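Here the structure comes first, spelled out in structure tokens, and everything after it is commentary.
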Amino acid sequence: MAHTPVNNLSTNPITIEIFTGDITVSAGAITVRTITFVSATAGDDFALTTKSATENIGQVVVHMAQTVSGGMMILDFGHDGQRFDSLYFDANSINAGLGAADRVQIYLK
């Protein structure tokens with residue numbers, strides 16, 4: 001049975017597998033311990049911002065660029081994690097090449 005991509009924003013880890021539109025990961029404060037980016041294709045880019053697309057571009061706080069096919073990148077903020085005032089995925093920002101075989105998991109403190 002084939003895996004059906006989903007976005008699950010109410011669990012730990014937060015899982016993003018559908019990249020076709022803007023996503024509010026958290027409109028309020030959020031503390032992130034680790035972000036894992038699994039990419040099927042070299043050249044995939046994933047970015048998170050602190051403002052939604054309706055509030056200009058926003059400040060890019062995380063940008064992960066995959067340089068090899070089938071790779072995994074892990075960004076570890078350590079035991080205490082990194083606090084963000086808000087966190088968004090802006091589909092029109094840096095993000096490129098993302099598709100059904102890609103996945104981002106955001107582990108919360």
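Each value in this text was obtained by applying a stated rule to the coordinates, not by laboratory testing. Predicted, not measured: the structure shown is a model, and the values here were computed from it. Counting neighbours? That spans all protein chains shown, and the Cβs are built from the backbone with ideal geometry, glycine included.
I want to make sure I understand the PRE zone here: with the label point 7 angstrom from the Cα of residue 77 toward its beta carbon, which residues in segment 84-108 have backbone N atoms less than 17 Å away?
The answer is 84-90, 104-108.
Arrange 107, 88 by Cβ neighbour counts within 10 Å, fewest through most, would you?
107, 88
Can you tell me what the convex hull of the Cα atoms of the chain projects to on average, as an area in nm²?
Projected over every direction and averaged, the Cα hull of the chain covers 6.7 nm².
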